[in-house]
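The values are calculated or read from the model by the stated rules, or taken from the named source; none is laboratory data. The structure presented is a predicted model; accordingly, all values stated were derived computationally and were not measured. Glycine also receives a Cβ, built like all others from the backbone with ideal geometry; neighbour counts cover every protein chain displayed. Note: areas computed on protein heavy atoms with side chains; ligands, DNA, RNA excluded. Shrake-Rupley method; radii C 1.70, N 1.55, O 1.52, S 1.80 Å.
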Amino acid sequence: MRELRKYLSFALGAAVVAALIVVPMNFNRYGLFILSQWATMTIAAMGLNLTLGYAGQVSLAQGAFVGIGAYTAALMTTHGLPLAGALALAILLCFAIGWLLGYPALRVQHHYLAFVTLAFSTLAFLVFRNESWLTGGTYGISNIPRPAIFGFATNRPLPFYYVCLGMLGIVTLCMWWLIRSPWGRAFMALRENPIRAQSLGVDTRRYTLMAFAIGSALGGVAGVIYAPLTQYIDPVPFNLSLSLDLLMMVIVGGSGFFFGPFLGAMIAVLLPEWLRFTEGYYLMLYAAAVILLLIWSPTGILGILDRFLAERRTRAASAKRAGTKSQWETVA
């Protein structure tokens, strides 16, 4: 049974990947942009899911790290430097800043930590808006080029969508390995009970800083892809609302579930587009759908599935115990 379940999971995953590759070939420019945006926001949400869902540290600064990555890519590529170099620099920069931002998490928790990260997000937005000598201020940075991958241009929407999808695939594989490594188990122990984790020899200080640093670095990766996707950036997309949207993606999809950011980003990015046929009511319907979902299942969409599977396993175990008990009574 376990082998069959593993085979079905692999087949389902392969079908989803094939659909993401083949189906968008028939999409128009706007449809490809929306899917590329979904892939980009999923990467950022995966970073926040590591910080919040696995390590249990609240952060409202993920949108700021997306902005740092975007401005790094815009400044470097508009001056003729390759996007790969911008990606490396953005990862290092966001990792270092995220490590420093993690130090308040060693002393404060929960909503106090949220206020600290909120202050950083506000500070980053003010730098993006006011330091025009570096960021262009409210005028932003335009004409951001798209990269050439092994000599193939990605100027058109479909090739660049595959760049976004490929980056999402790489990040997904890295996260899959990380969560199943000793680091991932230490992150989950830190979330469940920091005192018990420390008593078992887990260096809670180092892993708290590492959760912030890696999650922030993934925000920078998303920003590096976002800049050439839009080919123009200004401070507005990187205000507090982006951090709140990413937080909503993680919570709605399922905080602490590996595929939660995928579903959460799909809800946040694609659902408003699917509801546009309602014209002026689509934002109201979108908000109502999210509220009802969280009332029904505070653990998100995947929390519903997890609860169903847990109840099913409980019933199966109860039936097995009842059958074993009846056999013993028959023998007796």
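Of L165, L158, L178, which residue is under 23 Å from the mean Cα position of the chain (by Cα), farther than 19 Å from F262 by Cα and in a helix (DSSP H, G or I)? Can you show your working first?
Numbers: L165 fails: farther than 19 Å from F262 by Cα; L178 fails: farther than 19 Å from F262 by Cα.
Exactly one of L165, L158, L178 is under 23 Å from the mean Cα position of the chain (by Cα), farther than 19 Å from F262 by Cα and in a helix (DSSP H, G or I), namely L158.
No other residue among G47, G67, G98 is touching a Pro at 6+ places or on another chain (Cβ under 8 Å) and small (G, A, S) apart from G67.
Do we have any residue at all in region 113-136 that's polar (S, T, N, Q), in contact with a Phe, Trp or Tyr (Cβ under 8 Å, 6 or more places away or on another chain) and outside any helix (DSSP H, G or I)? No - not one qualifying residue is present in region 113-136.
Of everything in region 232-258 that's aromatic (F, W, Y) and at pLDDT below 90, which residue is surrounded by the fewest Cβ atoms within 10 Å (Cβ to Cβ)?
Quick first cut of region 232-258, residues aromatic (F, W, Y) only: 232, 238, 257-258.
Retained after the next criterion (residues that are at pLDDT below 90): 257-258.
Values: F257: 22, F258: 18.
Out of the qualifying residues, it is F258.
Scanning region 271-304 for residues that are in contact (Cβ under 8 Å) with a residue 12 or more places away in the chain, open to solvent by 40 Å² or more (accessible area, probe 1.4 Å) and in a helix (DSSP H, G or I) yields E273, A289, L294, I301.
Evaluating A268 against the criteria (1) without any contact (Cβ under 8 Å) to a residue 60 or more places away in the chain; (2) in a helix (DSSP H, G or I) leaves one unmet condition, (1). Do we have W183 as out of contact with any Leu (no Cβ under 7 Å at 6 or more places or on another chain) and loosely packed, with under 12 Cβ neighbours inside 10 Å here? The answer is no for W183. Contact annotation: residue pairs with Cβ atoms under 7 Å, 6 or more positions apart or on different chains, pairing a residue in region 139-165 that is at positive phi and open to solvent by less than 50 Å² (accessible area, probe 1.4 Å) with a partner that is in a strand (DSSP E or B) and at pLDDT 90 or above, are G140/Y232; G140/I233.
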